[in-house]
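No lab work stands behind these numbers, since they all come straight from the coordinates. In this text the structure is predicted, and so the values were computed from the model without any measurement. Cβ: placed from backbone, ideal geometry, glycine included. Neighbour counts: every protein chain shown.
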Amino acid sequence: MKSVSIVVPVYNEEGNARELHNEIKDVCVKEGYDYEIIFINDGSTDKTDEICRSLKPLKYIEMRRNFGQTAAMDAGIHAATKDYIVTMDGDRQNDPADIPKLIAYLEENDLDVVSGWRKNRKDTPAKKFVSRGANLLRGIIVKDHIHDSGCSLKIYKRECFEGLTLYGEQHRFIPALLEIRGFKVGEMVVNHRPRTAGVTKYNWKRTVKGFVDMISVWFWNRYASRPLHLLGAIGITFFTLGLVCGIWSIVLFATGFDMSDNLMAPLLTVFFIVLGIMMFIFGLMSEILMKIYFNTGDASYKKAYSVKEITIIE
């Protein structure tokens with residue numbers, strides 16, 4: 001018997017919550033799973049709360065306010081108790097019928113994570129354009145070899161999240177974060193359906209936040225254990241430029257150039273040398289902070305969200 005937790009963040013999805021729950025339950029009952037359905041209400045202002053409390057079986061998590069999809073997903077993942085964790089959006093565009101296929105693909109290929117790939121997306125042209133641009137940047141910066149990391153339909157072994165806390169917009173980059181930690185990641189084409197109720201929650205602000213988190217994942221992948229290699233190298237580069245400008249200033253002064261008419265060389269000398277020293281010091285400080293982090297572990301991290309209530313509805 002497969003043991004599966006289905007984690008679904010919902011925000012103002014009164015037109016989708018009941019239908020999605022029924023679809024998930026039908027799939028799990030048909031396949032004979034030992035399952036739990038987890039809905040996380042991320043501060044909805046419509047009738048989502050009322051509808052969710054009428055569904056069963058359900059593990060219902062209510063956030064104190066709207067903290068964002070990543071925080072809601074993190075709360076749901078850490079409340080999951082089954083061997084496999086499936087995450088999906090609450091807008092019914094992800095198809096619960098793909099859950100058995102994801103489980104089969106994960107087991108057949110001995111993977112820890114399988115990410116859905118919405119190869120034939122049913123979104124607006126504008127949303128497709130932004131998504132493709134983000135995927136292109138992610139492929140260059142993060143290099144996680146995933147075509148569609150923004151697809152919420154994914155399956156994980158529960159041990160993937162031991163000691164891992166999500167924040168920002170990092171739900172998009174979970175496969176990359178797990179690959180950094182040595183987990184085996186795969187990808188499978190999944191069905192994508194048009195939205196039939198509610199409105200999309202994606203906007204330009206989430207795009208910007210996603211890009212910033214992409215840089216964070218890149219830094220964590222390359223320099224988390226050795227930040228001095230990056231910041232120290234930048235500092236040495238600036239310091240070297242300062243020395244070159246200093247030599248330039250000395251040459252100008254020695255050849256009789258009137259320095260009072262042009263202070264560019266001396267100013268650049270001071271600027272680059274000071275900036276280089278500061279970057280090197282930042283690198284040393286970052287190195288010390290990362291050593292403290294790795295020595296104390298994730299237990300010291302305080303979650304950036306607050307859960308109001310967890311209700312088991314049977």
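Brief remarks follow.
- Placing dummy labels 7 Å off each Cα toward the beta-carbon, the span from F219 to A197 is 4.2 nm.
- Computed over region 227-292, the ratio Rg/Rh where both radii use C-alpha atoms and Rh is Kirkwood: 1.20
- Length added when fully stretched, A79-K30, from 0.36 nm per residue minus Cα-Cα: 15.2 nm
- Region 161-193 residues near the modelled K119 label - backbone nitrogen below 16 Å, point 7 Å along Cα→Cβ: 186-193
- Segment D110..N22, full-extension length gain: 28.7 nm, with 0.36 nm per residue of separation and the alpha-carbon distance subtracted.
- Cβ-based exposure ranking for S149, S3, in which fewest neighbours within 10 Å come first: S3, S149
- Over 27 Å (Cα to Cα) - which of K25/K308; K2/K308; K119/K303; K59/K303; K122/K303; K59/K119 fall in this group: K2/K308; K119/K303; K122/K303; K59/K119
- Ordering I99, I40, I51 by Cα displacement along the dipole of region 27-129 toward the positive end leaves I51 in first place; charges were set at the Cβ atoms of Lys, Arg (+1) and Asp, Glu (-1).
- Net lengthening on full extension, E50/L164 (0.36 nm per residue, minus Cα-Cα): 37.9 nm
- The calculated FRET efficiency for the pair K303 and S3, based on their C-beta separation and a Förster distance of 35 Å, comes to about 0.85.
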